[in-house]
Every structure is written in structure tokens, then in C-alpha cells.
Amino acid sequence: MTATLNKSTRALNERALDTIFHEARTANGFLPEPVPAELLERIVESAKVPPTAMNSLPLRVVFVTTPEGRERLKPLLSPGNVAKVESAPVTAILARDLNFHASLPRLFPHAPQAYFDMARDNADSMSLQNATLQAGYFILSARAHGLDAGPMGGFDNAGVDAEFFPDGTRKSILLVSLGYGDDSKLFPRNPRLEFDEIASFV
């Protein structure tokens with residue numbers, strides 16, 4: 001009974017929920033304030049904790065922080081995303097590791113070999129599903145650590161993979177620009193579905 005009561009007090013306060021969800025917006029431009037590498041490390045450390053299948057952790061991140069890195073990335077962007085990347089102090093390339101199963105004996109040590117073989121044989125689908133799940137964790141972690149995030153499709157996946165992952169074992173899934181957002185670049189928030197359009201009880 002005591003444990004249940006203690007757990008019932010864990011809910012975040014409204015300020016925290018606003019930071020992560022209700023007031024958070026997709027950043028379209030950023031203020032010229034740097035983001036320290038230590039903060040990016042803390043974001044990854046938090047994002048790696050939530051669940052993935054077999055604790056597989058297939059997400060890999062390349063933080064583009066230098067002018068040289070941005071110049072490599074810019075030709076691979078759709079035109080509407082170039083200004084976002086130019087203004088962002090950091091753009092994270094989120095990718096999935098097709099060889100994630102090589103780490104499973106360490107990450108999921110109690111499983112029999114058959115589980116590792118299954119993961120290897122289904123590496124494409126498992127890495128896509130679980131790295132995409134982790135991409136959501138990554139965005140929430142960035143917000144929780146005080147940054148604004150601008151997740152983006154709109155890039156040449158094959159080109160990014162050739163430029164940043166030439167060994168062919170990683171495939172890009174999403175770009176996320178990070179920094180302190182310029183609120184003057186925000187669009188009005190679009191409508192959201194109502195609860196009963198999203199969820200039901202059975």
C-alpha cells in the first residue's frame with residue numbers, strides 16, 4: 001500500500017508538462033546561443049533509458065555543430081529546411097544501426113542465442129521500429145533539458161547515409177535541429193484531434 005501511494009505522487013507538475021508537451025513548439029529558427037556538448041551528452045543519457053525491444057538501443061546520433069558539418073549537410077536538405085539548419089547551433093542526425101544485434105549479448109544478457117539470431121534476421125524492421133521510438137524519446141529529452149527542437153524529414157536519406165555513414169551499417173531516419181528557439185519564427189499552432197477521435201475504451 002505504501003509503495004502504491006508513493007508512486008501516485010510521481011506525476012510531473014504542470015510547469016514540467018508545459019515544458020515537454022503543452023507549450024513546446026516545433027522550432028523553425030533559433031537564437032544565436034551556443035549549446036554545450038555536455039548538455040547534448042545529458043540529452044542522450046536520458047533518451048537511452050526508456051524501453052526498446054530487447055533493450056536493443058539501435059538509435060545512433062551524429063551532432064552537426066561545425067560550419068564544415070553544416071556545409072556537408074545543406075546540399076542534402078529540401079529547400080525549406082536549409083534556413084532552419086543554418087540558424088541552429090546543432091542539428092542531430094538520428095539514424096538506426098543495422099548491426100545493433102551485435103551488442104545484445106551485453107545489453108540483454110539473460111536471453112538465449114535464439115533471441116539474438118531473431119534480432120539479426122529482423123534487423124531492418126527492428127532497428128526501424130525501435131530507433132524511431134527512441135527518436136521520440138530524444139525530442140522529449142531535449143525539451144526536458146531546456147532546448148527547443150525542430151524535427152525534420154525533407155532530406156535526401158540516401159545522400160545523408162553516403163555522406164555521414166559510408167560503411168552502410170547505419171541509415172538516417174530523422175533530423176532534429178536543437179537550440180534556443182526564435183519565437184518570432186513560430187507558426188500558429190495547428191488544431192489537434194479530440195480525445196475520442198484518438199482513443200477508445202474496450
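Of note:
- Listed values (i) 18.8, 59; (ii) 17.1, 58; (iii) 16.8, 55, entry calculated as Rg and Dmax of the Cα atoms in Å: (i)
- Across the stretch 17-25, rounded Karplus estimates of 3J(HN,Hα) from the backbone phi angles (6.51 cos²θ - 1.76 cosθ + 1.60, θ = phi - 60°) give 4, 4, 4, 8, 10, 5, 9, 5, 10 Hz, Gly and Pro being marked x.
- Listing SER172, SER177 from fewest to most neighbouring C-beta atoms within 10 Å gives SER172, SER177.
- Loop-located GluC sites (Glu not before Pro) in the stretch 122-202, at most 12 other Cβ atoms within 10 Å (DSSP): GLU194
- Modelled FRET efficiency - R0 22 Å, MET118 with THR169, Cβ distances, 0.05 increments: 0.70
- Modelled spin labels at HIS22 and LEU186, positioned 7 Å past Cα toward Cβ, are 1.4 nm from each other.
- Charge context of ARG25, other residues only, Cβ under 9 angstrom, K/R +1, D/E -1: -2
- Fully extending the segment from LEU12 to GLU68 would add 16.1 nm, taking 0.36 nm per residue of separation and subtracting the current Cα-Cα distance.
- Listed by Cβ neighbour count within 10 Å, with the fewest neighbours leading, ILE20, ILE43, ILE93 appear as ILE20, ILE93, ILE43.
- Helix-derived mean residue ellipticity, 222 nm - over the chain, DSSP H n ≥ 4, -39500 (n - 2.57), to 500: -11500 deg cm²/dmol
Every read-out reported here was derived from the displayed coordinates using simple, explicitly stated rules and does not represent laboratory data. Everything numeric in this text was worked out from a predicted model, so none of it was measured. Because the Cβ atoms are built from the backbone with ideal geometry, glycine has one as well, and the counts that use them run over all protein chains shown.
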